[in-house]
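The block underneath contains the structure these notes are about, expressed in structure tokens.
Where a number appears in this text, it was derived from the coordinates with a stated rule and is not lab data. Note that the coordinates shown come from a computational prediction; the quantities given were computed from them, not determined experimentally. Virtual Cβ from ideal backbone geometry, glycine too; neighbours counted across all protein chains shown.
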Amino acid sequence: MTKKVWWKCNHCGYRFQEEIEKGTPETCPSCGETCTFTDVTCYSPECGGPESGNYDPRL
């Protein structure tokens with residue numbers, strides 16, 4: 001099974017899931033800007049843990 005990570009654009013706040021091997025894109029799929037992306041994958045039990053496939057809504 002391919003591991004996926006949730007990313008959040010630090011410019012517009014768009015969240016998307018991508019295979020970890022692919023990393024982040026050059027530009028945001030939503031705003032089209034060259035942005036910094038933050039890993040917002042859920043790693044705590046409160047949002048389901050890493051196996052849940054959820055993002056952490058606190059981030």
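What's the local net charge at D56, with K and R +1, D and E -1, over the other residues with C-beta under 12 Å away?
Local charge sum for D56: +1.
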Here Rg/Rh (Cα, Kirkwood) for region 4-50 equals 1.00
How large is the charge dipole for the chain, taken about the Cα centre, if only the Cβ atoms of Lys, Arg (+1) and Asp, Glu (-1) carry charge, to the nearest 20 debye?
-> 100
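Relative contact order for the chain: what is it in percent, counting Cα pairs under 8 Å that are at least 6 residues apart? Show your work: numbers first, answer last.
Working: 93 pairs, mean separation 17.7, N = 59.
After rounding, I find 30 percent.
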